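Comments concern the structure below.
No value in this document is a laboratory result; all are computed from the given coordinates. Computed from a predicted structure; not experimentally measured. No Cβ is skipped: glycine too gets one built from the backbone with ideal geometry, and neighbour counts run over all protein chains shown.
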Amino acid sequence: MLQILFEDNHLIAVNKPAGMLVHGDETGDATLADFVKLYIKDRYNKPGDVFLGVIHRIDRPVSGVVVFARTSKGLTRMNKLFAERQLQKTYWAIVSGRPDPYEDKLVHYLQKDKQNNKVKVFSRQRYKDLKRCELDYSLISEVGDHSLLNVTPITGRSHQIRAQLSKIGHPIRGDRKYGSIHHQRNGMIHLHARQLEFEHPIRKEPVRIVANPPDEQIWNTFFEIFE
């Protein structure tokens, strides 16, 4: 069942379950966009095809806030906000170990490995095709040998949070592609798009969308501490 986080005439935001695609790929699996279209069609009794613009994506094993456009105007203007980085994204990540320092800015350079759907991480600009990526992180709390981090990506590179945290020795729990020793059901990882803040592209009002993490024991333990 869809968890709707925000909805108006131009935008709709949902809490994506881990393991679900945002948009279609070669697998042909059902997508979040498919379910949102069905929801709109049913709720508003719309005949024919429903317009739904895909503004951004989060990785299949990641959960959290995803925003779609319900109008072409909303899509165009939201695309502009993303392109110009006029949004504030916040992620929560459960990682192995405890980072030292507790908060820091990470700057790396990424190279896409298309064959393995992965990125390679470098500390310096060693090759011309490397893409600079930045994020800020801070420690929220610890449980056992895991830490909950608040992560703010400054750039929007593919897999950058997963790859950068792994690079400093703290892979995201369940993310075996980037070094985690833990295996999770459905290939999910403990990375959650917690919050998205932006100015509404039509109404010009501040919008803050927050998504709770999955109802899972380790998330619940951290969530109770944080709340």
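Just Arg98, Arg124, Arg85 to compare: in a GNM of the chain, with alpha carbon springs under 10 Å, which one fluctuates most?
Arg124
Once Lys and Arg get +1 and Asp and Glu get -1 on their Cβ, which of Ser63, Ile140, Val107 lies farthest toward the positive end of the dipole of segment 4-226?
Comparing the listed Cα positions along the dipole, Val107 ranks first.
Report the rotationally averaged projected area of the chain based on its alpha-carbon convex hull, in square nanometres. Can you show the working numbers first?
Values: hull surface 53.6 nm².
Hull-based average projected area comes out at 13.4 nm².
For the chain, modelled as a Gaussian network with Cα springs under 10 Å, which listed residue fluctuates most, Asp29, Asp59, Asp104?
Asp29
If you average the alpha carbon positions of segment 187-222 and of segment 135-161, how far apart do those two centres end up, in angstrom?
Between the Cα centres of segment 187-222 and segment 135-161 lies a distance of 14 Å.
Provide the FRET efficiency to the nearest 0.05 for the Asn79-Asp145 pair, computing r from the beta carbons and using R0 = 45 Å. Numbers along the way, then the final one.
Values: r = 41 Å, r/R0 = 0.91.
The pair Asn79/Asp145 has a calculated efficiency of 0.65.
Take the chain, connect every pair of alpha-carbon atoms lying under 10 Å apart with a spring to form a Gaussian network, then pick out the residue of Pro206, Pro214, Pro171 with the largest mean-square fluctuation.
Maximum fluctuation in the GNM of the chain, among the listed residues, is at Pro206.
Loop by DSSP (not H, G, I, E, B), at most 13 other beta-carbon atoms within 10 Å: where is the longest site-free stretch of the chain for chymotrypsin sites (Phe, Trp or Tyr not before Pro)?
Values: sites that count: Tyr44, Tyr102, Tyr127.
After excluding every exposed loop site, the longest remaining stretch is 128-227.
Pull out the extension gain between Lys114 and Arg208, defined as 0.36 nm times the separation in residues minus the alpha carbon to alpha carbon distance; nm, one decimal. Write down the numbers at each step before the final one.
Details: separation 94, 0.36 × 94 = 33.84 nm, distance 3.40 nm.
Taking 0.36 nm per residue and subtracting the Cα distance, the gain is 30.4 nm.
Give me the percent relative contact order of segment 93-227, please, defined on Cα pairs under 8 angstrom at least 6 residues apart. Present the calculation step by step, with values, prior to reporting the outcome.
On the way: 230 pairs, mean separation 29.2, N = 135.
This gives 22 percent for segment 93-227.
Pairs of Cα atoms under 8 Å, at least six residues apart: use those to get the relative contact order of the chain, whole percent. Mind showing how you got there, number by number?
Working: 454 pairs, mean separation 47.7, N = 227.
Relative contact order comes out at 21 percent.
What distance in nm separates the two pseudo spin-label positions at Thr152 and Val107, each 7 Å out from Cα along the beta-carbon direction?
1.7 nm
Report, in degrees rounded to the nearest 10, the 0 to 90 angle that the Cα long axis of helix 32-43 makes with the longest principal axis of the chain.
Once rounded, one gets 30 degrees.
Please list, or write none, the aspartates and glutamates whose alpha carbon is within less than 12 Å of the alpha carbon of Lys80, excluding same-chain residues fewer than 8 places away.
Glu199
Using Cβ counts within 10 Å as a stand-in for footprinting exposure, how do Asp136, Asp175 rank, fewest first? Provide the component values of the computation, followed by the final result.
On the way: Asp136 13, Asp175 29.
Taking fewest neighbouring Cβ atoms as first place, the list is Asp136, Asp175.
Hey, fewest Cβ within 10 Å first, where do Arg162, Arg70, Arg208 land in order? Write down the numbers at each step before the final one.
Details: Arg162 25, Arg70 20, Arg208 10.
Placing the least packed residue first, the sequence is Arg208, Arg70, Arg162.
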